Amino acid sequence: MPTMPADAKGLLLAAIRDPNPVLCFESHHLYGQRGRVPKGDYTVPIGVAAVRQEGKDLTIVTCGGTVLKAVADLCSLAPLDKDAILKSVAKTRRAIVLDEGPMIGGVLAEIAAMIQENLFSDLKGPVVRVAAQPIPPPHSPPLEAMIPDVDQIVDAVMRPAESGKIR
């Protein structure tokens, strides 16, 4: 699930060369995204998360269109880079999972569960989930307010670690 234009090319080439079946997902919110794409042949490794910004207080795990509103990028959902996620959360002891999809049944709900199962006693509070409103996704840009915005992310970041309220 690429976010940056260079990742789109590199992950697609990696998917083509992978001997296993590969599904490529894309967020239509990124269709207008611009960025430098290297010329020539290169691949982006499947299953390796990209840390877009290093931090020490909080880990935000996300993919797709919400990456531009946050700082971490899974790039690949399966295989999932569990080691990168758990290493970062073990360091910060706080985690937010951010998804442009629904809270229930989404990929990042599973990641929240994985973090809780592996690091429960090390966390300062529960993993906070920030996700889309539970409505059918609209296909009109003015109606896309159902997707988490920067204010909702900041609210989750600033929330005391002990509260664990889910939005």
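The values are calculated or read from the model by the stated rules, or taken from the named source; none is laboratory data. Please read these numbers as outputs of a predicted model, since none were measured by experiment. Because the Cβ atoms are built from the backbone with ideal geometry, glycine has one as well, and the counts that use them run over all protein chains shown. Ligands, DNA and RNA are stripped out before the accessible areas are found, and what is left, the full protein with its side chains, is counted by its heavy atoms. Shrake-Rupley method; radii C 1.70, N 1.55, O 1.52, S 1.80 Å.
If you go through segment 66-80 and pick out every residue that is open to solvent by 30 Å² or more (accessible area, probe 1.4 Å) and either in contact with a strand residue (DSSP E or B) (Cβ under 6 Å, 6 or more places away or on another chain) or among the acidic types (Asp, Glu) (or both), you end up with 1. If only residues of segment 117-143 that are modelled with pLDDT of 80 or more and part of a helix (DSSP H, G or I) are counted, the one that is farthest from the chain's Cα centre (by Cα) is Ser121.
The set of residues in segment 103-116 being closer than 23 Å to Ile147 by Cβ, out of contact with any helix residue (DSSP H, G or I) (no Cβ under 8 Å at 6 or more places or on another chain) and assigned to a helix (DSSP H, G or I) consists of Val107, Leu108, Ala109, Glu110, Ala112, Ala113.
Of the residues that make up segment 6-17, is at least one surrounded by fewer than 14 Cβ atoms within 10 Å (Cβ to Cβ) and basic (Lys, Arg)? Don't jump to the end; show me each part of the working.
Going through segment 6-17, the residues surrounded by fewer than 14 Cβ atoms within 10 Å (Cβ to Cβ) turn out to be 16-17.
This time we only want the ones that are basic (Lys, Arg), so: 17.
Checking segment 6-17: at least one residue is surrounded by fewer than 14 Cβ atoms within 10 Å (Cβ to Cβ) and basic (Lys, Arg).
Suppose we filter Leu80, Leu13 for residues that are without any contact (Cβ under 8 Å) to a residue 40 or more places away in the chain, farther than 21 Å from Pro137 by Cα and part of a helix (DSSP H, G or I); which single one remains? Leu13 is the lone residue from the list that is without any contact (Cβ under 8 Å) to a residue 40 or more places away in the chain, farther than 21 Å from Pro137 by Cα and part of a helix (DSSP H, G or I). In segment 98-113 there is at least one residue that is surrounded by fewer than 19 Cβ atoms within 10 Å (Cβ to Cβ), touching an Asp or Glu at 6+ places or on another chain (Cβ under 9 Å), over 13 Å from Met1 (Cβ atoms) and without any contact (Cβ under 8 Å) to a residue 60 or more places away in the chain.
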